[in-house]
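The values are calculated or read from the model by the stated rules, or taken from the named source; none is laboratory data. Remember, it's a predicted structure, so these values are computed and weren't measured experimentally. All Cβ positions, even for glycine, are placed from backbone atoms using ideal geometry, and neighbour counts span all protein chains on display.
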Amino acid sequence: MALHEGKQPAPHGGMNPLYVDNPALAAGVTLPHTRLGDDPLPADTALRLVRDELMLDGNARLNLATFVTTWMEPEADRLMAECVDKNMIDKDEYPQTAELERRCVTILADLWNAPDPTAVMGCSTTGSSEACMLAGMAFKRRWSKLGRTGRPNLVMGANVQVCWEKFCEYWEVEPRLVPMDGDRFHLTADEAVARCDENTIGVVAILGSTFDGSYEPVAEITAALDALQERTGLDIPVHVDGASGAMIAPFLDPDLVWDFRLPRVASINTSGHKYGLVYPGVGWAIWRDKAALPEELVFNVNYLGGDMPTFALNFSRPGAEVAAQYYTFVRLGRDGFRAVQQASRDVATYLATGIEALGPFTLLTRGDQLPVFAFTVKPDAGYTVFDVSRRLRERGWLVPAYTFPENRTDLAVLRIVVRNGFTRDLADLLLADLGRAVSEGIVTAPASGTAFHH
Ligand SMILES: Cc1ncc(COP(=O)(O)O)c(C=O)c1O
């Protein structure tokens, strides 16, 4: 611990004239790292010191690694600031925020073609991870009520986001991961069914894979499970992890059948803070009807003197994100969402095509499902994806490089996530920087890392 951590040492040398009206800064106060400072600081001084330190963070808008919203309109900023003090769990005290949450659930159920959007069970969460935990818990409870005795398992592709591996670890479920194989980078119907047995609590299908943005074939998976049921009597439900794709496909791929139109789809999640276009902190989980969500998991909280069902891991949670989600629904409507998501897909496919044309790169996907694509470096390039990532970082672009999971750990890729606000102009600048790096030669680092976690 520094000796005067958080304290205001006596001024030494002359006083900085720019700080004459701020004695703490003039005295060279330092930020506490390990223990609270003894004295309070004026608000503007504390703000300045903390804000200055945060300059070291990357620029969120240039972060092409994240799926999470990095730009909202000033009106949304204002609304969120106004709601930041509301606790989502206080349904009785903030009944109108609770009502907006209820409306969002029904709107999403309608968007995902629930047979009766007013009869679904659904809730907001902190993100898709919490939503996936809840969906997994519902699966596990449904299975345990069947009276089976073996160890429960969950079937999914090795490309699942880490939240599913966490779910299996935390809730003691065996993860049955279908490995990647050759050019197959996600789950297929045959591979899923081959791993199902009487202790399979469910199958997870991802609309769109975190690794490369590709959609898994949900309808083929449910059809194969229908056939399995006919053959064996096993009735295995499907959860669609639509963290990103559940807010893309309804607008851009209306003919793709992946949602509650498939009777075997029991539940769907999405991240409001990804292509739901809200800042971090909101996700959604929806079950097709009451029967899909075992009732013991639902708790009742007081609401306008009555009871309101809730299902969540958290208790307190900010209300601002839910208000902002409703704002995006009101603001954009179906046509607005379609236009925003199409703009992202157009930029993604444009950028992917441009990168392919540079020469040394091979596309794994083209950004035409999620506006996300992965590409690799040709074997004779003389540098690796990790070198490219580092070189782009020198210009401020955050483009992650990572190795694929078991069975394809030989494959390392770069991935670009195009989000609302990433314009064609920015895409051109990135292309120019990448082109310049390629023509000037990319220096190979002595040791390459793989430290990117999905
Ligand atoms: C397919 C998928 N599922 C779940 C998650 C976790 O989402 P969240 O960050 O909202 O918890 C992600 C995040 O990238 C994802 O891509």
Looking at residue 365, is it surrounded by 22 or more Cβ atoms within 10 Å (Cβ to Cβ) and outside any strand (DSSP E or B)?
yes
Give the residue that is modelled with the lowest pLDDT, with candidates limited to residues of the stretch 330-372 that are under 30 Å from residue 382 (Cβ atoms) and of a type in the set (Gly, Ala, Ser).
359
Across (1) under 26 Å from residue 185 (Cα atoms); (2) in a loop (DSSP other than H, G, I, E, B), residue 169 clears everything bar (2)
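Per-residue answers, yes or no, for (1) of a type in the set (A, V, I, L, M, F, W, C); (2) surrounded by fewer than 21 Cβ atoms within 10 Å (Cβ to Cβ):
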{"position": "199", "(1), (2)": "no, yes"}
{"position": "202", "(1), (2)": "no, no"}
{"position": "208", "(1), (2)": "no, no"}
{"position": "211", "(1), (2)": "yes, no"}
{"position": "217", "(1), (2)": "no, yes"}
{"position": "225", "(1), (2)": "yes, no"}
{"position": "232", "(1), (2)": "no, yes"}
{"position": "237", "(1), (2)": "no, no"}
{"position": "278", "(1), (2)": "yes, no"}
Run residue 165 past the list (1) closer than 30 Å to residue 101 by Cβ; (2) touching a residue at least 24 places away in the same chain (Cβ under 8 Å); (3) acidic (Asp, Glu) and report the number of the one that doesn't hold.
(2)
Of everything in the stretch 58-73 that's more than 16 Å from the ligand (Cβ to nearest atom) and modelled with pLDDT of 90 or more, which residue is nearest to residue 401 (Cα to Cα)?
71
Among the residues of the stretch 245-283, which ones are under 15 Å from residue 329 (Cβ atoms), hydrophobic (A, V, I, L, M, F, W, C) and within 15 Å of the ligand (Cβ to nearest atom)?
246, 247, 277, 278, 282
Pairing a residue in the stretch 208-220 that is outside the structural domain of residue 364 (by TED's automatic domain parsing) with any residue that is at pLDDT below 95 and not in a loop (DSSP other than H, G, I, E, B), where Cβ atoms lie under 7 Å and the two sit 6 or more apart in sequence or on different chains, gives none
Top-ranked residue of the stretch 105-120 - restricted to ones that are touching a residue at least 60 places away in the same chain (Cβ under 8 Å) and in a helix (DSSP H, G or I), ranked as farthest from residue 322 (Cα to Cα)
119
Kindly establish whether residue 243 is crowded, with 19+ Cβ neighbours inside 10 Å, hydrophobic (A, V, I, L, M, F, W, C), out of contact with any Pro (no Cβ under 9 Å at 6 or more places or on another chain) and in a helix (DSSP H, G or I).
no
Does the stretch 391-408 contain at least one residue that is over 15 Å from residue 66 (Cβ atoms), within 16 Å of the ligand (Cβ to nearest atom) and either polar (S, T, N, Q) or in a strand (DSSP E or B) (or both)?
no
Is the stretch 89-110 home to any residue that is in the same structural domain as residue 277 (by TED's automatic domain parsing), modelled with pLDDT of 95 or more and within 16 Å of the ligand (Cβ to nearest atom)?
yes
